[in-house]
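The structure appears below as structure tokens.
The values are calculated or read from the model by the stated rules, or taken from the named source; none is laboratory data. As the structure is a prediction and not an experimental result, all values here were calculated from the model. Cβ placement follows ideal geometry from the backbone for every residue including glycine, while neighbour counts extend to all protein chains displayed.
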Amino acid sequence: MIELEGLTKRYGEKVAVNNLTFTVRPGIVTGFLGPNGAGKSTTMRMMLGLDRPTAGDVRIDGRHYDRLKDPLKYIGALLDAKAVHGGRSAFNHLLCLAQSNGIPRQRVHEVLDTVGLSSVAGKKAKGFSLGMGQRLGIAGALLGDPRILMFDEPVNGLDPEGIHWIRTLMRTLAAQGRTVFVSSHLMSEMALTADHLVVIGQGRLLADTSMADFIAHNSRAYVRIRSPQRERLLDVLHGAGITVVESGGATLEVDGTEAERIGELAARHQLVLHELSPQRASLEEAFMRLTAESVEYHAHSDAPAPPQQWGDGWKKD
Amino acid sequence: MAAAQVIRSEWTKIRSVASTVWTLSLAVVVTLVLGMLISALSANEFDRMGARDRIAFDPTFVSFAGMSLGQLAMIVFGVLVVSNEYSTGMIRTSLAAVPQRGGFLAGKIGVATALALVVGLATGFAAFFLGQAVLGEYKASLGDEGVLRAVIGGGLYMTLIAVFSMGVATMLRSPMLSLGILMPFFFLISNILGNVDATKKIGRFLPDQAGSRIMQVVPPLDDDTPYGPWGGLGIMVLWVVAALAGGYLLLKKRDA
Amino acid sequence: MIEAVGLTKRYGDKTAVYNLSFQVRPGAVTGFLGPNGSGKSTTMRMILGLDNPTAGHVTIGGYPYRRLPNAARQVGALLDAKAVHGGRSARSHLLSLAQLSGIPARRVDEVLGVVGLHEVARQRSKGFSLGMGQRLGIAAALLGDPQVLLFDEPVNGLDPEGILWVRNLMKSLAAEGRTVFVSSHLMSEMALTADHLIVIGRGQLLSDMSVKDFISANSADFARVRTPDTEPQQREKLSAALTEAGGSVLPEQDGALRVTGLPLPRLSDIAHEAGVRLWELSPHQASLEEAYMRMTQGAVDYRSTIDQKEGFQEPLPPGAQPPVPVPGQGQIGWYAPPPPQQGGQHFAAAPGAPQAPAGPYGAPDAPGAVPGAPVAPVANPYARPVPQPGQGAAVAAPPSAAPAAAPAASPAAPAGPAGSDVTKPEDAR
């Protein structure tokens, strides 16, 4: 369990993190989202006692980070895959971390095995690809078999097999009752991984809800219906006071999440349905809607300006 | 227990990077080879020296002449031990593992200092014996008055130079910046300040000038240095303590 | 249009790319997929004339890259965001590129605007984040207003807004009739962006088809059916009826059923006949990731294994939970893990050891990854979740649906193609 209370960080005039209060609970994967510059990294660094909060408090299982004896046994973090001395071998990198927390040497072999780096354990980290570095960082996080795990952009540089592996790993860790806190920019990936979301923008808490609620609150949900008895179905739905949008072809759409009710209605009136599917917007759409205000580095437009606006002058010749 | 863990961890760190091996061996080799070379030259020149120079001739100090360059390798060792953590980003991993920053710094500097001391003392003795072997008939012996003190002092001097660099690197973090300040300072500026009459009075309180006093057995003729061999080393220790204190305070205060 | 014919690249006795022939057509976003070490980057580099093919050739608009007249105005590429002199400002970096190919300075400011870097155009790129570097690289690719664009992992380091922007940018470039060739490891992103896919593994072409066809060809479509939560007997009834009708039924974590092998109208009829009311009846296509994993499972580096945790000698409590997939996420690990006899991962081999029996980087397959081998989750807390047979499932899977006993395997699709010999998409079925 990680508890934040009024956590604030100022750099001079700029407020990076503003009065954040939330709790990361065990047993689920909690996603940590926000645009670039929202204060995600600063928050994670403060959780690990690397940055000092200007105000407020972070507690790991009720204690301040620097009060933890052998902190790697409480919380393992993957902050930056490149936070490794390139001249040191993967094994020695993990060994020095293990020794600093009184973790047996055997455990280093185990985590190297877990992340699939055993065969390159003796190689210098310098020669590692981004994906291998990421695996090494994950090995470091798992080293102390901690109850709390924190991952910052864990899938960076991993290939699809690696991405699938880390996703499964995080879900497994959560299912074991551990606290898993993961930040990512990949909404589609987050949608597959997280159960709960904490969203910040410009240093402030924007949302702290379950994935389903987040999407439901920040986007349109509807039910798509297809039936060979379209006309009768329309009548039945109208009769029940349900507003139906006819969206071309044989498909009907009903706003909201009333699939159950429609199913029951159809059954009662002996109507055949060929589809009855609740539709949800993607996490990405919901996220974009929520954070539209707080984005740095806006691109000019969604599309590049059409060619006739630029380049005309020089392309003619 | 926790201290033992940090020390074990720091020992793994220091022994698992190539820079430790090459900086320390460079320090040893340069000090020894250059010391022998200058000892050989001095032995050759001795007959042509004036009377005053012959009286002031200090065979022990001559055999340590290589340290003027060898210490630069020690500086690189000291700087890299600390600033590698910053330049690679390892510092965040390290401080997450050992959040007690004082303990972390003490462990790191303690291990590096112990290693530098072993290498420094070995180098001191080796430089002395090799130098004396080359000096032949002009040699000093370890039993002569003040010689043992000078030889051990040579080892301490090399160690303290490394520790001073660690302190500076802890303050500055960047290896390039640290080396860019320390190398020219010890190689050029300190020598200039210490040898130009106008600045000599200040120059001799600089860490290397004061510290190297302990390696002298025969003081220069018109010596007016206001401190003795141990006094000089004490001044150097003060510099080292100041650098470490500065490093500690900044590490404690700063965000990693 | 990019056209590769018999493209082959050998480094010593290691073959990075072998006899690759494909076309990247204009007007569509073509995704370029493959595991690490499959030869994607080498292929990209050969397209751009950076590496010379050992055999075969690749042309852009009919010319090899090096003989393209005014290449910078015809081809734009984002290969490595860090290939920028850090001390130079974003604007001077682009300006120097523009001057090289006779593009007016005005265009530099235009592309800076397009990628959203106009405000930091005069800052040194050293201080740029990965995402800003990526935008700068994209600006450079757009500089010559080229008809052919290549992007290698374009969304690396971008934030959600940036990812959306790049996706839309690529789509609109393709919509303008340009040729857009994108490599990426992010399947979920590719599924949203690409129209067409070229998949390679071990340097050979595995597949060259549209995204939709690719998914259908490499996995089974399925339907999700939900019966009233209040009446569990309805669910069992429906499950039995569906199984009898030849469908294969798997429980999902939220109580719904995942049905393969029966079309939706037929499902509806069966439910009707059985007197079961439906709360949901929705068609689903497997994810691109699942389809991709099925196809490429032969050629993967760094296979992860289970975590033994012997170093702790701390037995998990007896009542430890088996890893439980979470509601709404039915497809965890339901594609087959690689078969254990998977031998020659020779593309994962270090130079000099090309034919090692097992890839030197590939950790041995975990016992937990063997389909059908029941693994005690207590002993393997980090293993791929292998739900216990029958766990939480009132609905018994029919004996014929063997995979149900090892849910890590696909529920319906025939045993995985085990890609080692797969060279043609047809073979993948």
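Computed values, structure above
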quantity: Among (1) under 29 Å from B:G102 (Cα atoms); (2) within 12 Å of chain C (Cβ to nearest Cβ); (3) without any contact (Cβ under 8 Å) to a residue 24 or more places away in the chain - the single one A:E110 does not satisfy; calculated: (1)
quantity: From the options B:I75, B:I14, B:I55, B:I7, residue that is in a helix (DSSP H, G or I) and more than 22 Å from B:L117 (Cα to Cα); calculated: B:I55
quantity: Within region C:19-120, helices (runs of 4 or more DSSP H) holding 2 or more residues that are of a type in the set (D, E, K, R); calculated: C:40-47, C:105-115
quantity: Within region C:186-205, considering residues that are within 12 Å of chain A (Cβ to nearest Cβ) and in contact (Cβ under 8 Å) with a residue 40 or more places away in the chain, the one nearest to C:L149 (Cα to Cα); calculated: C:T193
quantity: So A:R88, is it among the basic types (K, R) and facing chain C (nearest Cβ under 10 Å); calculated: no
quantity: Residue satisfying all of: in region A:101-128; out of contact with any Leu (no Cβ under 8 Å at 6 or more places or on another chain) and part of a helix (DSSP H, G or I); surrounded by the most Cβ atoms within 10 Å (Cβ to Cβ) among these; calculated: A:E110
quantity: Among residues of region C:107-164, those that are among the polar types (S, T, N, Q) and either closer than 22 Å to C:I47 by Cβ or within 11 Å of chain A (Cβ to nearest Cβ) (or both), counted; calculated: 4
quantity: Conditions (1) in contact with a Leu (Cβ under 7 Å, 6 or more places away or on another chain); (2) buried (at least 20 other Cβ atoms within 10 Å of the Cβ); (3) closer than 19 Å to B:T159 by Cβ: number failed by B:L69; calculated: (2)
quantity: Every pair of residues 6+ apart whose Cβ atoms lie under 9 Å, when the first sits in region A:259-275 and is part of a loop (DSSP other than H, G, I, E, B) while the second is among the polar types (S, T, N, Q) and buried (at least 18 other Cβ atoms within 10 Å of the Cβ); calculated: A:L271/A:S227; A:V272/A:S227; A:V272/C:S268; A:L273/A:S227; A:L273/C:S268; A:H274/A:S227; A:H274/C:S268
quantity: Residues being among the aliphatic types (A, V, I, L, M) and at pLDDT 90 or above - total across region B:175-216; calculated: 10
quantity: Residue satisfying condition, being within 14 Å of chain A (Cβ to nearest Cβ) and either touching a strand residue (DSSP E or B) at 6+ places or on another chain (Cβ under 7 Å) or farther than 30 Å from A:L142 by Cα (or both), within set B:V21, B:V118; calculated: B:V21
quantity: Residues being at pLDDT 90 or above and closer than 27 Å to A:L265 by Cβ - total across region C:195-224; calculated: 0
quantity: Residue identified as surrounded by 19 or more Cβ atoms within 10 Å (Cβ to Cβ), away from every other protein chain (no Cβ under 13 Å) and of a type in the set (S, T, N, Q) among C:S239, C:S183; calculated: C:S239
quantity: Qualifying residue in region C:148-158 (condition: farther than 24 Å from A:S183 by Cβ, touching a residue at least 60 places away in the same chain (Cβ under 8 Å), over 24 Å from the mean Cα position of the chain (by Cα) and buried (at least 19 other Cβ atoms within 10 Å of the Cβ)); calculated: no
quantity: Matching option when the condition is in contact (Cβ under 8 Å) with a residue 60 or more places away in the chain and part of a helix (DSSP H, G or I), among B:I189, B:I161; calculated: B:I161
quantity: Unmet requirement for A:R224, which otherwise passes all of (1) away from chain C (no Cβ under 14 Å); (2) out of contact with any His (no Cβ under 9 Å at 6 or more places or on another chain); calculated: (1)
quantity: Complete set of residues in region C:174-189 that are in a helix (DSSP H, G or I), among the aliphatic types (A, V, I, L, M) and modelled with pLDDT under 90; calculated: C:M187
